[in-house]
Structure formats: structure tokens, C-alpha cells
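Comments concern the structure below.
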Amino acid sequence: MSSSDAKLELYDDYASATESMEGQMAVPSAANRNTTDPGAPNFSTLDEPIKDTFLRDVKAVGVKFYHVMIPKEKNTLLRDWDLWGPLILCTFMGTIIQGTANDKGDGGPEFAQFFVIVWFGAMIVTLNSKLLGGNISFFQSVCVLGYCLTPCAVALMVCRIILVAEQTAFLFFLRLLVAATGFGWATYASIIFLGDSQPSNRKALAVYPIFLFYFIISWLVVSHSNV
């Protein structure tokens with residue numbers, strides 16, 4: 001075999017190897033993934049319009065909010081976790097609470113302070129869950145704790161509406177009742193989602209930090225929402 005033939009053969013081998021490495025970058029979705037049929041078509045997000053991608057993500061976040069308000073189905077938050085919902089809730093609540101601060105600066109926490117309280121508190125609760133032997137990932141736990149702030153966010157909006165009227169003792173207790181309802185709902189929903197991830201003999205140790213986490217957030221809703 002001459003040198004030119006050898007070079008030609010090497011070039012053909014290189015071209016064949018290049019073609020074999022080329023393929024379609026497809027990410028199968030849960031709806032289109034079919035493990036029993038290897039010939040089933042895959043769903044490619046590369047060819048999907050940006051609008052469809054955005055609407056699909058918004059719908060996924062909305063479904064998680066729905067499951068928090070009606071905590072019956074617990075697999076969605078744990079399987080398809082994300083941090084978009086917690087980020088939206090934290091930004092929304094921090095902005096509203098910060099707006100109640102008066103000129104003396106003692107009317108409520110700054111946005112950064114509330115942001116740190118929420119995320120640092122969620123990380124501490126998650127770390128405690130992991131140390132107790134919980135079989136849940138770090139980001140799954142943070143996702144659940146963040147989404148379960150939804151009742152507290154609703155309570156904050158209601159308290160702000162109540163503050164439009166001239167404040168009396170009755171309205172203060174009404175705000176206290178609203179915040180307590182949001183606190184109870186948030187704690188209940190988080191326990192529904194995270195309860196099964198803890199050993200049965202350590203559930204009380206895992207629930208107590210969750211209780212304190214939402215209690216602090218709810219206390220901020222009541223005590224720092226008065227203008």
C-alpha cells in the first residue's frame with residue numbers, strides 16, 4: 001500500500017468517526033419519554049420556540065403553587081424541583097415588607113435582611129434534615145421549603161389590605177389570625193412533602209426547625225406590616 005493510499009484510508013476512517021459522533025441533541029420530556037419503545041421519537045428543546053419553553057416553565061411553577069395550596073400530590077415538588085418559585089416568593093415578600101419601614105428604619109427588615117433570613121433559614125432546616133438521615137436531596141428540600149412560603153405570602157397580601165383601614169385592636173387580631181392561618185398552612189404543607197423523607201423515629205426533630213422557620217416568617221408578616 002502506497003503512502004497516498006494510506007493517507008486516504010486514514011482520512012476515510014476519520015470522516016466515518018466524525019459522522020458517528022454527530023447526532024441530535026434531544027432532551028426527552030416526561031410525556032414523550034418511552035422506555036419500552038426504543039424507536040419512539042424524542043422531544044428536542046433546541047428546536048422549541050422560546051415562547052413555548054417559557055410557557056412550559058411558567059406552567060410547571062404554577063402547578064407547584066397549586067400543589068402547595070392543596071397538598072395532596074407530593075411527588076411533583078420532589079421530582080421536578082426548581083428554585084424559580086422560591087425566588088419569586090422571597091423577592092415579592094421582601095419587597096412588600098421592606099416597603100413598610102418608616103423613616104426611623106425600625107418598621108421592618110431591609111430587603112437583603114429578609115432575603116438572607118429566608119434562604120439561610122431554608123439551608124439550616126435542610127442541613128438538619130440531612131444530618132438526621134433524610135433521604136432527600138439538598139435542593140429538593142430547599143425547593144419545598146421555598147414553595148411552601150405561598151400561604152405566608154397570601155397572608156402578607158391580606159394583612160396589607162387590612163392595613164388600608166384605620167388600625168384598631170380588632171384589626172390587629174384579625175391580622176394575627178390571618179398570619180397564623182398562613183403559618184399553619186405552610187407548616188402543614190411542608191410536613192406533607194418532607195415528612196416521608198425522614199426516619200420515623202426522628203420526624204419530631206425534623207419538624208421542629210420547620211416550625212421555627214415558618215414561625216419567624218409569619219412573625220415578620222405581623223410585626224413588620226404596620227405602617
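The values are calculated or read from the model by the stated rules, or taken from the named source; none is laboratory data. Keep in mind it's a predicted model, so treat the numbers as computed, not measured. Note that we place each Cβ from the backbone using ideal geometry, even for glycine, and neighbour counts take in every protein chain shown. SASA here: full protein model, heavy atoms, side chains in, ligands and nucleic acids out. Shrake-Rupley method; radii C 1.70, N 1.55, O 1.52, S 1.80 Å.
For the reader, a short list of remarks on this structure follows.
- Residue match in region 195-212 (condition: of a type in the set (Lys, Arg) and modelled with pLDDT under 90): yes
- Scan of region 108-141 for residues that are open to solvent by 60 Å² or more (accessible area, probe 1.4 Å), touching a residue at least 60 places away in the same chain (Cβ under 8 Å) and part of a helix (DSSP H, G or I), ordered by number: Ile117, Ile124
- Of the residues Phe215, Phe183, the single one that is of a type outside the set (D, E, K, R), surrounded by 22 or more Cβ atoms within 10 Å (Cβ to Cβ) and at pLDDT 90 or above is Phe183.
- One residue from Leu145, Leu177 being of a type outside the set (Val, Ile, Thr), part of a helix (DSSP H, G or I) and loosely packed, with under 14 Cβ neighbours inside 10 Å: Leu177
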